[in-house]
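Scroll down for the structure; my scribbles are underneath it.
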Amino acid sequence: MFYREAGDFKTSYQDDNQTFPIKFDRYRYYAVLFAAFAVIPFLVNDYWVNAIFLPFLIYSIAAIGLNILVGYCGQVSLGTGGFMAVGAYAVYKLMTAFPDVSFAIHVVLAGGVTAIVGVMFGLPSLRIKGFYLAVATLAAQFFLVWLFNRVPWFYNYSASGQINAPVRTVFGVEVTGPTAEPWAVYLFCLVFLTLCAIIARNLTRGSVGRKWMAIRDMDIAAEIIGVNPLTAKLSAFAVSSFFVGISGALFFGVYLGAVEVGEAFGINKSFLVLFMIIIGGLGSIFGSFAGAAFLVLLPVLLKNVLVSGLGWPTDLAAHLEFMIVGGLIVTFLILEPHGLAQLWRVAKEKLRLWPFPH
Amino acid sequence: MKRTLITAAVAGIMAAAPAMAELTFTALSYRTGPYAANGIPFADGYQDYFTLLNERDGGIGGEMVNLLECETGYNTEKGVECYESTKGEGALVYQPLSTGITYQLIPKATADGIPVHSMGYGRTSAKNGEVFRNIFNYPANYWDGASVGIKHLLDINGGDLSGKKVALVYHNSAYGKEPIRTLEEAAKKHGFELSLLPVDHPGQEQKSQWLQIRRDRPDYVLMWGWGVMNQVAIQEAVNIRFPMENFIGVWWSGSENDVLPAGEKAHGYKALTFHNVGDDFPVFDDIQKYVVDGGKAAGAGDQIGTALYNRGLYAAMLAAEAAKTAQGIHGVSDITPAQMRDGMENLVITEEKMASLGLPGFGPSFNVSCQNHGGDGMVAVSQWDANAGKWSLITDFVQSDQDILNPLIDEDSASFAAENNITPGCN
């Protein structure tokens, strides 16, 4: 009843090819965009932005990036934390070296630097596959963290090896530093997320994405039909690392403001983002959002319910949090191995037939 | 099931009801995660002291204390969530108990006008109160620790360390890197040879570092460790038969948890400390009477008198005294974070004051001022007695080498001021 193609006539190729061909879906998409851009910025305070929206937006960008590599191109990567660190340190070096340049440009450039690094660590993917590639990217993770800890140039020779984000602006509005307004940082990250999602969505619908998926499904067959594995795999590494680098730059500059590489970008981060896309759904942009929301928002929600709501001891709540989140992950993966995105697809199918399923 | 849930909910609401109290303190604690073994005793001590004040004195200056505990798991992202969620409740002072979270809160808390007390951790140059207006790190910081550690070595060597080899085993993080500069300066001044051995988080794997120590045979080993890293390091030192009395840990490497796993062999291990050890103080009788016997002890209640419990207690005591000072200055009992900051900046800890609180000789006496947010840098050395199973102080509180530290503090705080466009000053 709500969700159907019937009566929604397309009269041009453009209409037929649009991202959301179903009217209901399209309006839902516009409604979400409207709420995100025009309603939420007026309602948020420090807590909502710093504890909920920023981590969600930034992890979504990272998840989209990793999903391109793992979900669309089939190259398993455990180097996400390291690549986020590249983004963070690149943006730190840029923002301290060129303080007058807009921070948005720095973030994009940091993504570019990460893309180059990603391509370099992607080269082994031409020779090795699957778990072995995962090990090679794991090496990237450890090497990059070691590098940023070891070489003082990266942290501007500070005594402790921490990097701190100074105040930087975009169009005269502060987006980093302690005095940045919550709506400004929220909108800044939201713009990046929206652009990344639109680019990713369109890349994966186009010829580039089809090549990635061909490589993912069977690389030998893909090569026979004329897909160049070199360009396909390396472009996936480049695009993926670009997004991951942007998320790392925002994670450091906008969200945390001070970062220590081993703690913030350790192997745990790589696993966290990988779990996001596995739970959300491999090969789905929506899945990246759903996975990020699941792993970022659920612990905060549980903490608020158990500690602030019920007044339980914090350690008990923290342990219960692990159990509940872990239990839900197992349950979800047993009930729906293709992740939350598949649940959403099934829901849409059901909606299409409702109220008269055959 | 439903009834238990309702009971739990009602109990929860009743437990949350004293939230009406006026003075809000926060404990960003970690009772879970890789550093929980050290986080729990500190959190218990911090909490028990405030419970004691509420039960015995009816709070501070007539205002009940509401302690909000928030679990960080030593994780910076959770620390952000904790800070933002407790900030709105009117938290008077933050004690993040993590160097990473402290670095992160320094600009945020300064912008929000809330003081941070990083007692014996955090950014050392916060001692310069003209730059770090809202950050306090009295009574001692890492550079004091490093300096007093070297002083102790000088003492046992008759004042001459030239030609000796000293190794630093450190947690490879902002925390562990703190003492390096001080030790490098001290190495120049006293002519000893310094070698650096980083250990990566969490520190369960230290074979290669200790192999290197076995090969290089340093005369002394200093350690900046935390959590499981300490236990592993002490065990490894035992394994290579490194003489324990030549092995000195910073205060975060000096708790019972760290030495007990190595058993008898850990006998003689030394640790720096900026407060006294043991439970031979009158305040512990009150804690027994008002807190433990009343069933209000925090956690499992089995940590009382341990080194880290005492540190939590000491932190709470300093916070409470600063709140009293603030109440005195401003003439109101219901103080704001800004007034709390004034209280901390004018805090005076004397021997008489500590004795009246039931803590005679518990720590050094010191005065905080606008120029000096870090106290006098008085640090003592304690030693582990494995037979008696307790720590004891083997030196008095001695002052760190101010000639080395002051230029370093000025340099580091000046670079922070330049980075953040701060004009140093007291107004």
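Restricting region B:125-156 to residues that are more than 22 Å from residue B:412 (Cα to Cα) and among the charged types (D, E, K, R) leaves a set whose member that is nearest to the chain's Cα centre (by Cα) is B:151.
What are the pairs with Cβ atoms under 7 angstrom where one residue, in region A:223-247, is in contact (Cβ under 8 Å) with a residue 24 or more places away in the chain and the other, located anywhere, is basic (Lys, Arg) and part of a helix (DSSP H, G or I)? Sequence gap at least six, or different chains. Here the result reads A:232/A:211, each pair linking region A:223-247 to a residue that is basic (Lys, Arg) and part of a helix (DSSP H, G or I).
For (1) out of contact with any Leu (no Cβ under 9 Å at 6 or more places or on another chain); (2) part of a helix (DSSP H, G or I); (3) of a type in the set (Lys, Arg), each residue gets a yes or a no:
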residue	(1), (2), (3)
B:380	no, no, no
B:387	yes, no, no
B:405	yes, yes, no
B:409	yes, yes, no
B:417	yes, yes, no
B:423	yes, no, no
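Please go through region A:1-45 and give me each residue that is among the polar types (S, T, N, Q) and either under 17 Å from residue A:202 (Cβ atoms) or surrounded by 12 or more Cβ atoms within 10 Å (Cβ to Cβ) (or both), ordered by number.
If we filter region A:1-45 for residues that are among the polar types (S, T, N, Q), which is where we start, we get A:11-12, A:14, A:17-19, A:45.
Correct list: A:14, A:17, A:18, A:19.
Collect the residues in region A:306-358 that are small (Gly, Ala, Ser) and either free of Cβ contacts under 8 Å to residues at least 60 places away in the same chain or on the phi > 0 side of the Ramachandran plot (or both), keeping them in residue-number order. Let's see the steps before the verdict.
Within region A:306-358, the first condition is being small (Gly, Ala, Ser), and the residues that meet it are A:308-309, A:311, A:317-318, A:326-327, A:339, A:341, A:347.
A:308, A:309, A:311, A:317, A:318, A:326, A:327, A:339, A:347 - these are the residues of region A:306-358 that are small (Gly, Ala, Ser) and either free of Cβ contacts under 8 Å to residues at least 60 places away in the same chain or on the phi > 0 side of the Ramachandran plot (or both).
The condition of being closer than 20 Å to residue A:56 by Cα and under 14 Å from the mean Cα position of the chain (by Cα) holds for only one of A:339, A:326, A:291, that being A:291. Among the residues of region B:114-127, some residue qualifies, meaning at least one is within 14 Å of chain A (Cβ to nearest Cβ) and either without any contact (Cβ under 8 Å) to a residue 12 or more places away in the chain or farther than 20 Å from residue A:161 by Cα (or both). Please count how many residues of region B:154-174 are within 14 Å of chain A (Cβ to nearest Cβ) and hydroxyl-bearing (Ser, Thr, Tyr). Result for region B:154-174: 2.
The sole residue among A:103, A:83 that is surrounded by 23 or more Cβ atoms within 10 Å (Cβ to Cβ) and over 19 Å from the mean Cα position of the chain (by Cα) is A:103. You will find that of B:278, B:254, B:299, the residue that is buried (at least 24 other Cβ atoms within 10 Å of the Cβ) and either outside the structural domain of residue B:234 (by TED's automatic domain parsing) or at pLDDT below 95 (or both) is B:254 and no other.
So which residues in region B:172-193 are more than 18 Å from residue A:157 (Cα to Cα) and crowded, with 19+ Cβ neighbours inside 10 Å, if there are any at all? If you could, list the steps in order and put the result at the bottom.
To start, the set of residues in region B:172-193 that are more than 18 Å from residue A:157 (Cα to Cα) comprises B:186-193.
B:186, B:190, B:192 - these are the residues of region B:172-193 that are more than 18 Å from residue A:157 (Cα to Cα) and crowded, with 19+ Cβ neighbours inside 10 Å.
Can you tell me which of A:94, A:54 is under 20 Å from residue A:166 (Cβ atoms) and surrounded by 23 or more Cβ atoms within 10 Å (Cβ to Cβ)?
It is A:54.
Taking region A:323-351 as the range and being among the hydrophobic types (A, V, I, L, M, F, W, C) and exposed (fewer than 13 other Cβ atoms within 10 Å of the Cβ) as the test, the residues that pass are A:323, A:330, A:334, A:335, A:346, A:347.
How many residues are within 14 Å of another protein chain (Cβ to nearest Cβ), more than 30 Å from residue A:175 (Cα to Cα) and without any contact (Cβ under 8 Å) to a residue 12 or more places away in the chain when one looks only at region A:105-154? Qualifying residue count, region A:105-154: 0. Quickly run through region B:22-46 and pick out the residues that are among the acidic types (Asp, Glu) and either touching a strand residue (DSSP E or B) at 6+ places or on another chain (Cβ under 7 Å) or on the phi > 0 side of the Ramachandran plot (or both). Passing the criteria: only B:22. Scanning region B:10-43 for residues that are in a helix (DSSP H, G or I), away from chain A (no Cβ under 11 Å) and surrounded by 23 or more Cβ atoms within 10 Å (Cβ to Cβ), we see that the one that is modelled with the lowest pLDDT is B:38.
Counting residues in region B:57-68 that are at the interface with chain A (Cβ under 9 Å from one of its Cβ atoms) and crowded, with 21+ Cβ neighbours inside 10 Å gives zero. Residues in region B:84-111 that are touching a residue at least 60 places away in the same chain (Cβ under 8 Å) and either part of a helix (DSSP H, G or I) or within 11 Å of chain A (Cβ to nearest Cβ) (or both): B:86, B:89, B:98, B:99, B:100, B:101, B:103, B:107. Here residue B:199 fulfils each of the conditions (1) more than 28 Å from residue B:25 (Cβ to Cβ); (2) away from chain A (no Cβ under 12 Å); (3) of a type in the set (A, V, I, L, M) apart from (2). Looking only at region B:157-183, residues that are over 17 Å from the mean Cα position of the chain (by Cα) and part of a helix (DSSP H, G or I) come to 4 in all. When only residues in region A:163-177 that are under 24 Å from the mean Cα position of the chain (by Cα) and of a type outside the set (D, E, K, R) count, which is farthest from the other protein chains (Cβ to nearest Cβ)? The selected residue is A:170. Residues satisfying the criterion are absent from region B:362-377 (criterion: surrounded by fewer than 19 Cβ atoms within 10 Å (Cβ to Cβ), part of a strand (DSSP E or B), touching a residue at least 60 places away in the same chain (Cβ under 8 Å) and of a type outside the set (S, T, N, Q)). The helices (runs of 4 or more DSSP H) falling completely within region A:214-279 that include 2 or more residues that are away from chain B (no Cβ under 14 Å) map to A:219-224, A:229-250. Looking at region A:143-158, can you tell me whether even one residue there is within 16 Å of residue B:419 (Cβ to Cβ), assigned to a loop (DSSP other than H, G, I, E, B) and of a type in the set (A, V, I, L, M)? No - not one qualifying residue is present in region A:143-158. Of the residues making up region A:280-319, those that are within 14 Å of another protein chain (Cβ to nearest Cβ), touching a Leu at 6+ places or on another chain (Cβ under 8 Å) and under 29 Å from residue A:141 (Cβ atoms) are A:295, A:298, A:302.
In region A:333-346, the count of residues that are within 9 Å of chain B (Cβ to nearest Cβ) and either touching a helix residue (DSSP H, G or I) at 6+ places or on another chain (Cβ under 7 Å) or within 28 Å of residue A:50 (Cβ to Cβ) (or both) is zero.
The values are calculated or read from the model by the stated rules, or taken from the named source; none is laboratory data. Please read these numbers as outputs of a predicted model, since none were measured by experiment. Don't worry about glycine lacking a Cβ; one is built from the backbone with ideal geometry, like all the others, and counts go over all protein chains shown.
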